[in-house]
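This report concerns only the one structure given below.
We did not get these values from a lab; they are worked out from the coordinates using the rules stated. In this text the structure is predicted, and so the values were computed from the model without any measurement. Please note: Cβ atoms are built from the backbone with ideal geometry, for glycine as well, and neighbour counts cover all protein chains shown.
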Amino acid sequence: MFTITRLARLALSGVVSATMLLSSCSKDGDAGSGPGPVCTDCTPTGMFTARLPSPPGVTLWTAPTMEKILREAAPPATPTDRIALYAARNEFEPFQVAVNAAASGSVSLAMTPFTGPGTIDRIEVRRVGYVKITQPSDASAIPSGYIPDPLEPTSFNTPESVSAGQNQPFWITVYVPPSAPPGDYTATLSVTSGAEKKDIPVALHVYNFTLPSKIGFDGQWNSSFQALGGSTSLDAVQKLKDFFYEHRLVPNSVAWPAGLNYNGGIDYDCASGVFKEVNNPYDFSQLGPKYIDGKTWNGVGFPSFEIMQFTDNSTPRPAMFCGIPRGADHYGTAAYNAAWSKLLSAIDSYLVAHSWTGKGYYYVQNEPQNQADYDVAAFLADLTKRAAPNLRIAVSEEPKPEIVDNPKAAGKSYDLWMADLSAFKPDYAKLRQQKGETVWWYFLYGDRPPYFNPITIDHSGIESRIPFWGAWEYRIPGFAYYSVTGWGSDPYNNPRPQGTAQNGDGFLLYPPKNGSLVSSIRWELLREGAEDFEYFLLASSGNMPKTSDTAALVDTSVLSAVSSPTSYTRDAGALQNLRNQLGLKLEGKVNGWPVLDSKPAGAHARNPYYLNFQDPSGEPKASPLIVDGKEWQKIGWSAYDAKLGMGWSGPFIGDPKIMLYSYAAAAPNELQKSIIYNDYGRIDTFNWDIENGRYKVTVSIGFPGRTYAKQRVLVEGKPLFDNAATTPAAPFLTASVIVDVTDGNVTLEAGQFNEYTMLNWMSIEPAQ
């Protein structure tokens with residue numbers, strides 16, 4: 001008898017020890033070295049940010065949940081007399097209220113049920129905690145030493161301490177049950193400070209549609225069951241499953257703890273080539289139907305599950321299987337491959353018998369790094385599909401011809417590709433999608449600005465919600481992330497437990513308190529994004545088109561907010577309003593598809609602009625710089641400034657050792673003499689805020705006397721140059737593209753990893 005053992009995965013799993021859990025009991029931000037800076041200009045502005053009616057000595061205010069309310073932020077001046085919410089039936093809708101008290105003390109919150117056409121009474125409150133940031137994740141990080149993220153359990157009518165002059169936000173979540181009649185509801189939020197109480201009306205519009213119980217957005221969010229304190233009880237396991245399900249997120253271990261490859265799951269008999277099921281509550285035959293089909297659970301189950309996976313990061317298959325050695329390399333001997341194929345055939349038959357062929361997948365190889373790895377991936381695709389034609393197979397790699405067109409693949413391909421976001425190639429992915437293959441994104445600490453990344457604590461909250469909008473644009477139906485529970489010994493004071501540069505990498509949840517997992521702002525905003533995706537599906541009759549070549553009506557709304565993983569709105573209020581308006585459209589109260597209503601503070605008028613990328617204080621010295629009768633602005637590596645309506649985003653912006661200038665005196669004109677580039681192989685974005693409309697954007701790249709073979713520039717996600725070469729014989733290239741600006745800015749993305757892009761100038765001109 002051989003039991004397939006699931007080994008700890010490094011790339012897409014998190015392991016947390018019980019010792020770590022026991023030592024993780026500090027309060028937020030109260031130990032270790034000193035925090036980072038204090039933000040001096042960090043009050044949110046825009047829609048849904050406003051001062052609320054307040055008791056004496058206290059200022060209450062609210063902001064969209066995508067706005068991270070810093071301790072030191074000044075309350076906004078704009079007043080409102082109520083909080084307004086919009087939600088579908090079967091939807092969770094959060095809002096936040098900040099308490100800023102003149103003197104230290106305590107406050108308590110209370111809230112009545114919502115009343116209207118019916119009664120809605122499932123309302124939860126949590127205290128927003130802060131994580132101490134001693135080293136920002138990158139140059140785009142929120143400039144504060146304490147960033148809100150953990151959502152600490154509390155309850156209404158419980159006194160909570162507040163510090164003088166500091167904001168203390170509370171996160172309140174309303175659940176609208178599927179049975180709630182649509183229409184307008186009201187509730188009252190009461191905040192008591194000392195002997196003073198203030199009542200704040202809360203309005204809720206319940207749309208006349210229901211989010212489906214079935215999860216529409218797939219994925220693989222890896223967690224450790226040790227996060228529950230080392231418990232492997234079925235009750236504890238189900239508690240974690242419930243937590244995932246209610247957040248519309250899919251764990252990789254949908255049957256406890258995984259698929260057919262875990263001790264305690266199903267034993268495989270090498271001699272007969274069949275699985276031996278045992279009738280106990282921990283057997284896969286019991287847990288599989290429960291969490292895959294929803295039997296005896298919620299009637300729905302999860303949309304997919306991992307059946308089996310690679311041995312470790314560099315080893316797809318074990319060195320020994322059924323007593324047969326694999327051999328010196330990963331291709332295996334004839335005897336080994338025969339035994340392995342017998343196992344695959346058994347899995348195939350098992351899935352067919354249970355009608356799980358569309359849900360279960362075998363994760364064959366992790367992150368192949370080079371051609372040798374691609375060859376192995378191709379070989380294993382062929383071997384697997386020959387033995388198990390109905391078995392979906394997955395690889396954590398972007399679709400690429402090095403695997404698909406590899407002779408070792410013999411025409412076989414993977415069913416599921418997990419593409420690292422920053423390595424994702426939309427055009428080639430589209431080719432594979434057209435053939436019926438599925439592409440997911442996964443996030444890493446290396447996916448840094450200008451890419452959105454939902455895992456980073458000290459980035460805007462919109463980065464945890466907008467990826468689902470970007471996923472719709474590229475027809476991406478799932479996300480993967482390697483660990484949501486790898487929080488180390490003290491995530492409140494050490495938010496880099498994995499040793500990476502990204503605060504929050506490896507964990508999206510916090511250690512349990514009072515028997516409950518501690519959620520985070522990032523985790524809750526992921527649910528908001530997943531619910532947004534359900535809106536998109538409802539607007540498309542429940543189906544996402546296979547590729548972006550096939551338009552969906554809701555694309556008008558989605559693409560107004562995001563045009564690429566590096567070009568998307570940063571306006572939290574505008575995005576929330578767009579989602580609200582989309583809900584009104586779905587229930588028939590809005591004509592036409594709504595679009596983002598956002599105008600950045602520094603948005604330029606609809607005029608032509610000519611931008612020369614150079615050292616503003618260096619050559620050329622001419623002021624103004626006039627070339628071809630046009631006046632050119634001198635644009636260097638300055639960080640994006642919303643008030644100026646322009647600037648760069650990227651992890652190294654401001655580092656003079658990396659963000660470099662050059663002046664090529666031999667170039668034909670002053671524009672081509674000016675060059676900026678990064679050292680080396682980084683990706684940066686330049687934003688020019690401008691009124692919405694259609695524009696012609698032209699960009700020049702190159703450097704005289706040198707060869708640069710793989711330069712890359714995108715404008716609004718559209719490639720102008722992709723692996724473009726300039727040489728001494730042809731030192732410059734110029735290209736133009738027509739773009740429709742719908743999010744208030746033109747976004748230029750320059751560079752790619754391990755290569756140079758030499759950027760000269762850019763023009764932006766109104767187009768018909």
* Magnitude of the Cβ-charge dipole of the range 555-639, K/R +1 and D/E -1, about the Cα centre, nearest 20 debye? -> 220
* Asked: For the range 609-766, what is the charge dipole size about the Cα centre, in debye to the nearest 20, if Lys and Arg each add +1 at the Cβ and Asp and Glu each add -1 at the Cβ?
  -> 360
* Asked: Quick one: Karplus J couplings for the range 605-620, per residue in order, coefficients 6.51, -1.76, 1.60, θ = phi - 60°, nearest Hz, x for Gly and Pro?
  -> 5, 6, 9, x, 9, 10, 10, 9, 7, 7, 5, x, 9, x, 6, x
* Structure fact -> Hydrodynamic radius by Kirkwood for the range 23-210, inverse mean 1/r across distinct Cα pairs, in Å, is 17.4
* Any chance you could get the radius of gyration and Dmax over the Cα atoms of the chain, in Å? => 27.1, 84
* **Gain in span if fully extended, residue 352 to residue 707, counting 0.36 nm per residue against the direct Cα distance** => 122.3 nm
* Asked: the range 391-547: Rg/Rh from Cα coordinates, Kirkwood Rh?
  -> 1.02
* Radius 14 Å from Cβ of residue 669, net charge of other residues (Lys, Arg +1; Asp, Glu -1) -> -1
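Tell me, in nm to one decimal, what length is gained between residue 45 and residue 725 on full extension, where the rule is 0.36 nm per residue of separation less the Cα-Cα distance?
On the way: separation 680, 0.36 × 680 = 244.80 nm, distance 4.36 nm.
Contour length minus the Cα-Cα distance gives 240.4 nm.
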* Asked: Between Rg and the Kirkwood Rh of the range 609-766, both from Cα atoms, what is the Rg to Rh ratio?
  -> 0.93
* To do: Could you sort out which of 290/585; 435/718; 295/513; 290/435 sit more than 27 Å apart by Cα distance in this structure?
  => 290/585; 295/513; 290/435
* In what sequence, highest mean first, do 358-371, 88-101 appear when ranked by Cβ atoms within 10 angstrom? -> 88-101, 358-371
* If only Cα atoms are counted, what is the Rg of the range 425-470, and what is its Dmax, in Å? -> 12.9, 39
* To do: Quick one: work out the % antiparallel among DSSP beta bridges in the chain, nearest 5.
  => 75
* Rounded to the nearest 20 Debye, what is the dipole magnitude of the chain about its Cα centre when Lys and Arg each give +1 and Asp and Glu each give -1 at the C-beta? -> 580
* Asked: What is the order of 663, 610, fewest Cβ neighbours within 10 Å to most?
  -> 663, 610
* Asked: Of the peptides 541-553, 671-683, how do they stack up when ordered by the mean number of other Cβ atoms within 10 Å, highest first?
  -> 671-683, 541-553
* Considering the options 551, 569, 523, tell which one lies farthest towards the positive end of the dipole of the range 511-569, charges being +1 on Lys and Arg and -1 on Asp and Glu at the Cβ, about the Cα centre. => 523
* Structure fact -> Once residue 597 and residue 369 are pulled to full extension, the length gained, defined as 0.36 nm per residue separation minus their Cα-Cα distance, is 77.8 nm
* Asked: Add -39500 (n - 2.57) for each DSSP H run of 4 or more in the chain, then divide by its residues: what number comes out at 222 nm, to the nearest 500 deg cm²/dmol?
  -> -5000 deg cm²/dmol
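Where does each of 175-185, 453-463 land if you order them by average Cβ count within 10 Å, highest first?
Order by mean packing, descending: 453-463, 175-185.
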